[in-house]
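Colleague: Handing you a structure now.
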Amino acid sequence: MKLSTNWIKELVPGLQLSGLEIAELLTNHSFETVVEHQYVIDPAITVAQILKLEQHPNADRLRLATITDGENEIRVVCGAPNISEGDVVPYSPPGTKVYDEDGKLFELSVAKIRGVESPGMLNSARELGLSNDHGGIFLLPKDTPLGTKLSEYIAGDTLLEADILPDRAHDCLSHIGVAREVAALTKLSVQEPETMELPEASEQVDGWNVRIENPASASRVMGIVFEGAQEGAETPIVMQARLLSLGARPINPIVDCTNYVMFEYGQPSHAYDQAKLQGKNIAVTETKSEVLFSALNGKLYQPAHGDLLIECEGETIGLAGIVGGTSSQVDNATNNIFLEVATFNAFAIQQASAHIGLRTEAASRFSKGISPVVAGVASSRLAQLIISLTGAQMRGVIDTNPEMQTPKPIMFRPARVSAYAGTEISADISEDILMRLGFSIEKASEDQWEIIAPAQRLDILGEHDLIDEVVRVHGLSVIAESDIAMQAPAVAVSDEVYWMHQVREKLVELGFTETYSYSFEDEVFATLVNSEIHPHVELLNPMAPELKKLRYSMLPGLLSAMITSRDEMHRDKNGVERALFEIGRVYHVGDTGVVPGVIERKVIAGISVGSEDRLQEVMDAFVAQYNLAPLDVREVEKPFGKCLQYSYAGEFFGIGYVFSAELLKKMKYRMPVVAFEVSVAALMKHAPDVEIPVRSLQEVRDNFKMPNQFMELPKFPSVFRDISILVPSDTGVDAVESAIDQVGGELVVDVDVFDEFSQDGDDTKSLAFHVEYRSPDRTLTDKEISEIHKKIEHALKHQFSAEIR
Amino acid sequence: MEQQLEELSKKANGELSSCEDAQALEAWRVAYIGRSGAVSELLRGIKDLSDEDKRVIGKNGNALRRELEERYQEKLHVLEKASSGRGVQATSYDLEAGVGHLHPLTLTMSRVHEIFASLGFIIADGPEVEEAKFNFDLLNIPAEHPARGEGDTFMVDPLSVNGAEGLVLRTQTSPMQIRSVEAMRLHPPFSVIAPGRVFRKEKVDATHESTFYQFEGLSVSETTSIADFKFIIETFFSTFFNAEVTIRLRPSYFPFVEPGFEVDMSCPFCKTGCKVCKYSKWIEVMGAGMVHPNVLKNMNIDPEKYQGFAFGGAIDRLAMIQYGINDIRLFWSGDVRFLRQFS
């Protein structure tokens, strides 16, 4: 939520902190708050009036505005569509600093716009730094004295962005709520805004009445009837500036008041033009039939069955708590209004807002839940503002729930604060903090108090919430870490963690590299191994339609990885990884698991370039590691290859796969591939008893390994060329490799000798190298590569008397 | 040209038949069907022919290449079966096998296991597909809570699981708090850590993934306090990064703890600001708090007698900070050029 520092300081007189300091204070004790932006109004900007408007001779969409500051007349060029003769506007002479579209200040100079000189300009809200609104000139109230400085009315401000936590959204989505927090934290007091006492509520006012169809829809609905609002009333500059900087647009005084009080008290409200309503029977109802609602933002919305509506004589005049309609909109000609101030059911508004896909400032506040008490306070404020700004009179107040219940007292033991904190926080501190926050305290005894929370604090439900209040205001930083006395003795890792670690080490030793795959089964790879024939656990809302199944087997994921790594695996070079493994879960349908409906099974799976012998090597390793007797094997032919089903002690142990030539072709693999899946449960069932070592903290500390830093994967492709040379037999291979590296520079990424051959008695030998070329910032052209390759060959000829073959 | 093709075919097939071992086979491959092999060279020469010739020679040339490739594969299989099979050497390349590597998430998780075990935390594990009651209700997240309605929970289709309703892919490891106490019959005092895979349906980019790893910790006794939490977590991070780090707590909100906090760690890599900590000297690392009395009750632990802290951190985040990995999607890439870098 956006916060105005000026507004907070107005509400907390004596507050000396800057916007940044307030943000830090709130972050440390309430919720994360940052400075979003600042603006200043250049003192050179003056209040001027437009005397005459003429068409610009050379531009259709520009006009020439002759303005006066009370003494001098100046003519400027202006492109804004919203100005008329007589309007009072801000004028910036040359030399004034205003804001550009990136929020940076720039200095105005005398400009020639389409051939006409313009000494300065008239300003929009964006140029003043107030908001992103650049649709027109910021119009000032007509009674603003000409020639005065705009900065006299609008002070520079620091706007903060507060990430109000869900449990503080009841009371802190408002400047008053945040001001109360800041006051409590700085031991100052809040100066409440001016309000007007409301007359006693009645069931109906001049025939106006309110009916709530379903009592659960709204815990309180107030209706205030105003009449005689003067046309031509204008919203004061400061209010307009505040609304703009908080993201709202000034429209007319009545609407502006409802928005202003929403930002001030956190209570949304809506005004309806009486003249545009069909009658005086207002109701809060639930959508039953199809409703197509024309909202104030010009769009049409269709609420879902059960969503709350405001109706008048059966006509829908508002989507309750979200947005009002065009049909009953208040405008500059409105004299009489019906003001609705209500407390709607939070969940209902949350649902409705999601159904229609519209999230307004009002809806976001109602969705979090507001105390019905706030409607009453806000109404008093609204009455005061509307009457003083428009000269309207209040005819009366309707209130469906005037009797506010006091919240239940909560039992609180001050000693619990110290117990939770782990450090002594005295009862006096608790008392002081709670009182500053507006809690009332009754001490039944020294150790047991009864606390009543302020009405708007819907989040205070129990003792622990009070402990939170004390601890956070006192300061989480004040609590020092405890000493080692708390430390429990070291324990061993679990059996499974231990054994899986052993399995991983073994597989790594055998040349397998670990990969991780999603739990979602990619259909494309699943069909390659006939996975689709099995029943799968499915999602209602997957990332994409082809990812709606949870994996039945580990194979599809491993296949995918194998294909991703195909180029690497096919590299004609020693030491390149050609096998992958993964330890993860597969998801089967059934009721014998921990959660009814789904059986999760842990699997050790691997895939490797190689033949059946490779598979045997792996299974032998498992048998050896776990001290097992030989496994029983049964061969089965599948469409995608040969399957070896392993069992142990009569139970399922695992499966080996030897991929068919057809599958290899689909994978575009030029080498044979095998895979395996082994059941972790089966392994663990027969795991030998081992004493798992317990490590102390110091041992773990000593075990620290410096982490390898990640190197970005190449963005551009490599090209491989071979070099075959005949050199004297005593030539060092390393020396030749170095030479190639050196001549090639950064473009030679790897040199790999793949053949060295000499016959006894020869005084020469042949060497063959794969040279890998790659640039970090471009795809190398054949020409470039050939050039370097020639250079290298040349160098080898010279340095080593090499004969190029 | 046609004659050349025929001669080449005879020669290639003849030499292929006489290959006795993998090395010879490989030499044959390079000589004939490799990138600079005879067949490839010949096919490259086709561009200089007339259109008519191009068609015929092209067709026959490609047919030859296909035939040779198939025979090569067959020969490969035969040779491999016959060889004594020393793992990777049985490939078409007579190459030495290298050792493999562990995944950075595994390396990070192992370290998390090790450190917490040395601090007295038992390791627990639980289901990834969870019942709504464990993912929400028992964690003090009632039906009307905004977290419930959030579109970022993957929901299981009851029709696919014998009608079981309300199953979700867990969005956090917090359900393990309740499950571990139940399954392992834990009575205070105890400390338990439960790392695991979690799922969120959100837009995937360099810092957000649909699938990632969290670790959940829970420690309950008659006296476990915020001060104790600070000690444990400071010790954990200092050990993990092998640097003296301090932590600071800021008020935050999670339904299952009260008070709740965000935990920041002082940047282990710099003193004055760097890229890793975005020049703020602090890194946000986890959420935590004192276990909510309602949650303790749901664990059949008396909140009047016992209290404790709970915390949740992201393994992915720790791995990214530690290894300097800048894109979370790499963890799932299956790309060996990434996977080989860390161990």
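The values are calculated or read from the model by the stated rules, or taken from the named source; none is laboratory data. Keep in mind that this is a model prediction, so the values were computed, not measured. Backbone-built Cβ (ideal geometry, glycine too); neighbour counts: all protein chains shown.
Colleague: Condition test on A:GLY86, is it assigned to a loop (DSSP other than H, G, I, E, B), out of contact with any helix residue (DSSP H, G or I) (no Cβ under 8 Å at 6 or more places or on another chain), under 22 Å from A:ILE237 (Cα atoms) and at pLDDT below 90?
Modeller: no
Colleague: A:GLY136: surrounded by fewer than 20 Cβ atoms within 10 Å (Cβ to Cβ) and either in contact with a strand residue (DSSP E or B) (Cβ under 6 Å, 6 or more places away or on another chain) or under 14 Å from A:ILE50 (Cβ atoms) (or both), yes or no?
Modeller: Answer is yes for this residue.
Colleague: Looking at the structure I just gave you, is A:LEU466 under 30 Å from A:VAL603 (Cβ atoms), touching a helix residue (DSSP H, G or I) at 6+ places or on another chain (Cβ under 9 Å), part of a helix (DSSP H, G or I) and not aromatic (Phe, Trp, Tyr)? Explain how you work it out, then say what you get.
Modeller: Values: under 30 Å from A:VAL603 (Cβ atoms): no; touching a helix residue (DSSP H, G or I) at 6+ places or on another chain (Cβ under 9 Å): yes; part of a helix (DSSP H, G or I): yes; not aromatic (Phe, Trp, Tyr): yes.
So A:LEU466 fails the test.
Colleague: In addition: Test of understanding: among A:ALA295, A:ALA241, A:ALA275, which residue is assigned by TED's automatic domain parsing to the domain that holds A:ALA320, buried (at least 23 other Cβ atoms within 10 Å of the Cβ) and more than 24 Å from A:GLN456 (Cβ to Cβ)?
Modeller: A:ALA241
Colleague: Looking at A:ASP762 and the list (1) part of a loop (DSSP other than H, G, I, E, B); (2) of a type outside the set (Ser, Thr, Tyr); (3) within 30 Å of B:ALA319 (Cα to Cα); (4) touching a residue at least 24 places away in the same chain (Cβ under 8 Å), which single condition is not satisfied?
Modeller: So A:ASP762 meets the others, but not (3).
Colleague: I want to confirm something. Restricting to segment B:223-239 and keeping residues that are touching a residue at least 60 places away in the same chain (Cβ under 8 Å), within 9 Å of chain A (Cβ to nearest Cβ) and not β-branched (Val, Ile, Thr), which single residue is surrounded by the most Cβ atoms within 10 Å (Cβ to Cβ)?
Modeller: Residue satisfying both the conditions and the ranking: B:PHE229.
Colleague: Same structure again: Looking at (1) touching a Ser or Thr at 6+ places or on another chain (Cβ under 7 Å); (2) in contact (Cβ under 8 Å) with a residue 24 or more places away in the chain; (3) assigned to a loop (DSSP other than H, G, I, E, B), which is the one condition that is false for B:ARG248?
Modeller: Unmet condition: (3).
Colleague: Tell me, please, whether a residue that is in contact with a strand residue (DSSP E or B) (Cβ under 6 Å, 6 or more places away or on another chain) and either hydroxyl-bearing (Ser, Thr, Tyr) or in a loop (DSSP other than H, G, I, E, B) (or both) can be found in segment A:557-567. Walk me through it before giving the result.
Modeller: Step one: list which residues in segment A:557-567 are in contact with a strand residue (DSSP E or B) (Cβ under 6 Å, 6 or more places away or on another chain), which gives A:558, A:561-562.
Applying the additional criterion that residues be either hydroxyl-bearing (Ser, Thr, Tyr) or in a loop (DSSP other than H, G, I, E, B) (or both) yields none.
There is no residue in segment A:557-567 that is in contact with a strand residue (DSSP E or B) (Cβ under 6 Å, 6 or more places away or on another chain) and either hydroxyl-bearing (Ser, Thr, Tyr) or in a loop (DSSP other than H, G, I, E, B) (or both).
Colleague: Is there a residue being closer than 27 Å to A:THR27 by Cα and either in contact (Cβ under 8 Å) with a residue 40 or more places away in the chain or at the interface with chain A (Cβ under 8 Å from one of its Cβ atoms) (or both) anywhere in segment B:179-198?
Modeller: So in segment B:179-198, the residues closer than 27 Å to A:THR27 by Cα come out as none.
Checked against the condition, which is being closer than 27 Å to A:THR27 by Cα and either in contact (Cβ under 8 Å) with a residue 40 or more places away in the chain or at the interface with chain A (Cβ under 8 Å from one of its Cβ atoms) (or both), segment B:179-198 yields no hits at all.
Colleague: Pick out, from segment A:338-439, the helices (runs of 4 or more DSSP H) lying fully within it that include 1 or more residues that are polar (S, T, N, Q) and buried (at least 20 other Cβ atoms within 10 Å of the Cβ).
Modeller: A:346-356, A:361-368, A:372-390, A:427-436
Colleague: Might you check whether a residue that is surrounded by fewer than 16 Cβ atoms within 10 Å (Cβ to Cβ) and small (Gly, Ala, Ser) occurs anywhere in segment A:780-796?
Modeller: Yes, segment A:780-796 contains a residue that is surrounded by fewer than 16 Cβ atoms within 10 Å (Cβ to Cβ) and small (Gly, Ala, Ser).
Colleague: Kindly indicate which of A:THR592, A:THR527 is assigned to a loop (DSSP other than H, G, I, E, B), of a type outside the set (A, V, I, L, M) and surrounded by fewer than 16 Cβ atoms within 10 Å (Cβ to Cβ).
Modeller: Numbers: A:THR527 fails: assigned to a loop (DSSP other than H, G, I, E, B).
Going through A:THR592, A:THR527 in turn, the sole match is A:THR592.
Colleague: A further question on this structure: Could we say that A:ARG614 is within 7 Å of chain B (Cβ to nearest Cβ), of a type in the set (D, E, K, R) and closer than 27 Å to A:THR513 by Cβ here?
Modeller: Criteria met by A:ARG614.
Colleague: Separate question: Say we look at segment A:9-37 and pick out the residues that are free of Cβ contacts under 8 Å to residues at least 24 places away in the same chain and among the acidic types (Asp, Glu); which of these is farthest from the other protein chains (Cβ to nearest Cβ)?
Modeller: If we take residues in segment A:9-37 being free of Cβ contacts under 8 Å to residues at least 24 places away in the same chain and among the acidic types (Asp, Glu), then A:GLU21 is farthest from the other protein chains (Cβ to nearest Cβ).
To keep it simple, each residue is scored yes or no on (1) among the small types (Gly, Ala, Ser); (2) more than 10 Å from chain A (Cβ to nearest Cβ); (3) more than 24 Å from A:VAL589 (Cβ to Cβ).
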position: B:THR108; (1), (2), (3): no, no, yes
position: B:ILE115; (1), (2), (3): no, no, yes
position: B:PRO127; (1), (2), (3): no, no, no
position: B:ALA132; (1), (2), (3): yes, yes, no
position: B:HIS145; (1), (2), (3): no, no, yes
position: B:THR171; (1), (2), (3): no, yes, no
